[in-house]
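What follows is one structure encoded as structure tokens, with my remarks underneath.
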Amino acid sequence: MDAVLVQEQCNRIIDQIETVIVGKRHTVGLAVAALLARGHMLIEDIPGVGKTTLAKAIAKVIGGAYKRVQFTPDLLPADITGVSVFNQKTAEFEFRQGPVFANVVLADEINRATPKTQSSLLECMEERQATVDGITHMLPAPFFVMATENPIEYHGTYPLPEAQLDRFLMRLNIGYPKPDEEVTIMDRQQFRHPIEDLMPAIGAGDLLALQEEIKGVYIEPSVKDYIVALVGATREHTLVWLGSSPRGSLALMRCSQALAAMAGREFVLPDDVKSVAHVVLAHRLILKPEARASRAEPTQLVDEILASVAVPVLERTGRH
């Protein structure tokens, strides 16, 4: 693994996205980390802060196909995965692909669709395939789902089930820009949207190779033990009814590897794990009623867990 080359490629991707998403380098970096870790991302934020723009920008920067699905109560699973249509000329059924057959899929306002429709994404996100009428169709690679939720509107929505939430590698928000950043946004969009001029920073094949490189980032056994200890602590916290599954441990590992590579390192530090713990673990926690009564937030509990678990001291870094 050429750490410098990987870092340069990652910075090129982030720099390109930052031409349209102003002042959110940390958030953009986490989104790229999710992409490199072959995961999916849930953004919970108010309308108008750039959620759709971020998905479009990621698709353009990797030179991939982009599809947007507006989730509504009347949306059906076939509207996402596709449907088999009978061709009278050939007397055979032909499969017509749904919008999920793209490299970057934006599931906009995912919590407005019924649980049945939401669940149609489970197989796609986990196994990167869609089964329609008993026939399995492979999805394109790379494949990245970015779903959005509006946290302030609950009328006509269906909360995401735990199994669906667990499929997302991370959950984060974008937030408002600072005043000077908002002025920059207005300047850049006064005559045309900068996303129209966005060019690919990396090809699909190069991205797949980069995803494979990420898997090779070294994790010392003590850091793996640290990850397991953090996840284990979520299952033992007095205010948590159900903690993170082993999928949370894998998510922490993959995200930490991606962050290390983006920093130009061939090894993971405990700080990499700590920096993604909130976005990886918080949405995987199911709180007890007394936690909700006391208005405890999952992020606060993750803070407590991080403070309670001893951080390993690495004797040496890199591969043994």
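Kindly provide the set of residues from the stretch 132-162 that are of a type in the set (Ser, Thr, Tyr) and free of Cβ contacts under 8 Å to residues at least 40 places away in the same chain, ordered by number. Hits for the stretch 132-162 are THR136, TYR154. If you go through the stretch 92-146 and keep only what is polar (S, T, N, Q), surrounded by fewer than 18 Cβ atoms within 10 Å (Cβ to Cβ) and out of contact with any strand residue (DSSP E or B) (no Cβ under 9 Å at 6 or more places or on another chain), you end up with THR114, SER119. Could you please let me know if LEU165 is over 30 Å from VAL313 (Cβ atoms), in contact with a Pro (Cβ under 8 Å, 6 or more places away or on another chain) and either in a helix (DSSP H, G or I) or free of Cβ contacts under 8 Å to residues at least 60 places away in the same chain (or both)? No; evaluated as a whole, the condition is false for this residue. If the condition is being out of contact with any strand residue (DSSP E or B) (no Cβ under 7 Å at 6 or more places or on another chain) and under 27 Å from GLY29 (Cβ atoms), then the stretch 57-81 contributes ALA57, LYS60, VAL61, ILE62, GLY63, ALA65. If you check VAL22, VAL32, VAL4 for being hydrophobic (A, V, I, L, M, F, W, C), at pLDDT 95 or above and more than 18 Å from GLU109 (Cα to Cα), only one passes: VAL32. When you go through (1) of a type outside the set (Phe, Trp, Tyr); (2) touching a Lys or Arg at 6+ places or on another chain (Cβ under 7 Å); (3) more than 22 Å from ALA31 (Cβ to Cβ) one by one for HIS283, which number turns out not to apply? Failed condition: (3). If GLY39 satisfies all but one of (1) on the phi > 0 side of the Ramachandran plot; (2) in contact with a Leu (Cβ under 9 Å, 6 or more places away or on another chain), what's the number of the condition it fails? It is condition (1) that GLY39 fails.
For the stretch 216-232, a residue qualifies if it is within 24 Å of ALA3 (Cα to Cα), assigned to a helix (DSSP H, G or I) and among the small types (Gly, Ala, Ser), and exactly one does: SER222. Would you confirm whether any residue within the stretch 246-259 is over 23 Å from the mean Cα position of the chain (by Cα) and either of a type outside the set (Lys, Arg) or at pLDDT below 95 (or both)? Checked against the condition, which is being over 23 Å from the mean Cα position of the chain (by Cα) and either of a type outside the set (Lys, Arg) or at pLDDT below 95 (or both), the stretch 246-259 yields no hits at all. Each residue in the stretch 40-82 was checked for being under 30 Å from GLU94 (Cα atoms), in a loop (DSSP other than H, G, I, E, B) and among the acidic types (Asp, Glu), and 1 pass. Of all the residues in the stretch 147-193, those that are of a type in the set (Phe, Trp, Tyr) and surrounded by 12 or more Cβ atoms within 10 Å (Cβ to Cβ) number 3.
Selection over the stretch 77-91 of residues that are on the phi > 0 side of the Ramachandran plot and either surrounded by fewer than 19 Cβ atoms within 10 Å (Cβ to Cβ) or over 30 Å from the mean Cα position of the chain (by Cα) (or both) gives a count of 1.
Looking at the stretch 233-318, the helices (runs of 4 or more DSSP H) lying wholly inside it that each contain 1 or more residues that are in contact with a helix residue (DSSP H, G or I) (Cβ under 7 Å, 6 or more places away or on another chain) and over 20 Å from GLU162 (Cβ atoms) sit at 246-262, 270-281, 298-308.
The values are calculated or read from the model by the stated rules, or taken from the named source; none is laboratory data. From a predicted model like this one, the values you see are computed outputs, not experimental measurements. When we count neighbours, we look across all protein chains shown, and the Cβ atoms used for this are built from the backbone with ideal geometry, even at glycine.
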